[in-house]
Amino acid sequence: GAGVSQSPRYKVAKRGQDVALRCDPISGHVSLFWYQQALGQGPEFLTYFQNEAQLDKSGLPSDRFFAERPEGSVSTLKIQRTQQEDSAVYLCASSSLAGGLTDTQYFGPGTRLTVL
Amino acid sequence: AQSVSQHNHHVILSEAASLELGCNYSYGGTVNLFWYVQYPGQHLQLLLKYFSGDPLVKGIKGFEAEFIKSKFSFNLRKPSVQWSDTAEYFCAVNAGGYNKLIFGAGTRLAVHP
């Protein structure tokens, strides 16, 4: 497809359940980012991949959050033992270059996670 | 730590009014600056960006922004808004590292016909 796609678009989980969120970046894009957007806030950085390598995971809020991109294309963000504070929109973005400052990130539609 | 401040959380304008949305950032080094827009029901889209050169940047749909380094500001402007500009606007900066973006909290703009 032409843009970044994410699935599912909406996810409702009971507290304590594990969830997996998928991101399909633009074909050929080297860089992939995950952001978390809480209600009424701007997106906050979670983690960054360059191809299959996770080069920055400084934004992951706890060890319950795990991300992977095993073949350098599709990425999955997994949240274990979900908590209510994990409720947010999870955004994926990709860019064509390898982390250069002049690169532009293209965002997907996001997955809205609600933890009950 | 880097941060971005957007001064107005909600702005209401009538069509044809002029728009200026404030954005200030805190970072002492070289920065690249962005404005993203999110129309109702749509994903974040790039409106304009500043990397270097002319500090007055023109983007899509008649928007422009001016980078004032001495004020750490990157305000967004449009001389005459339209109803279709109703959206949420986010200012963002990347500053080193692997190009991660630091976003402001956003400004929700409502334009009335």
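Read the figures in this text as sums done on the coordinates, not as results from a lab. Please read all numbers here as calculations on a predicted model, not as lab measurements. Heads up, the Cβs are rebuilt from the backbone with ideal geometry, glycines too, and the neighbour counts pull from every protein chain shown.
Loop-resident GluC sites (Glu not before Pro) (DSSP state other than H, G, I, E or B) in region A:50-96 with no more than 10 further Cβ atoms inside 10 Å of their Cβ: A:Glu71. Loop-located GluC sites (Glu not before Pro) in region B:1-76 (DSSP state other than H, G, I, E, B) with a sparse environment of at most 16 neighbouring Cβ atoms within 10 Å: B:Glu15.
On a full-extension model of 0.36 nm per residue, what is the gain between A:Ala38 and A:Arg15, subtracting their alpha-carbon distance, rounded to one decimal in nm?
Details: separation 23, 0.36 × 23 = 8.28 nm, distance 1.73 nm.
My answer for the length gained is 6.6 nm.
Within 10 Å of each candidate Cβ there may be at most 14 other Cβ atoms; applying that plus a DSSP loop requirement, which trypsin sites (Lys or Arg not before Pro) in region A:61-100 survive?
On the way: sites: A:Arg64, A:Lys78, A:Arg81; in loops: A:Arg64, A:Arg81.
Of the trypsin sites (Lys or Arg not before Pro), the ones in loops of region A:61-100 whose Cβ has at most 14 other Cβ atoms within 10 Å are A:Arg64, A:Arg81.
As a rough footprinting exposure proxy, the listed residues B:Cys91, B:Cys23 were ranked by other beta carbons within 10 Å of their own, and the order from fewest upward is B:Cys23, B:Cys91.
Between B:Ser80 and B:Ala1, the FRET efficiency estimated from the beta carbon spacing at R0 = 30 angstrom works out to 0.20. Based on every Cα atom in chain A, Rg and the maximum pairwise Cα distance Dmax equal 13.3, 41 Å.
Based on C-alpha pairs under 8 angstrom that are at least 6 apart in sequence, chain B has a relative contact order of 37 percent. Over region B:3-49, Cα pairs under 8 Å with separation of 6+ residues give a relative contact order of 31 percent.
Normalising the average separation of contacting C-alpha pairs (under 8 angstrom, six or more residues apart) by the number of residues puts the relative contact order of chain A at 37 percent. Distance between the C-alpha centres of region A:9-69 and region B:21-48: 20 Å, rounded to the whole angstrom.
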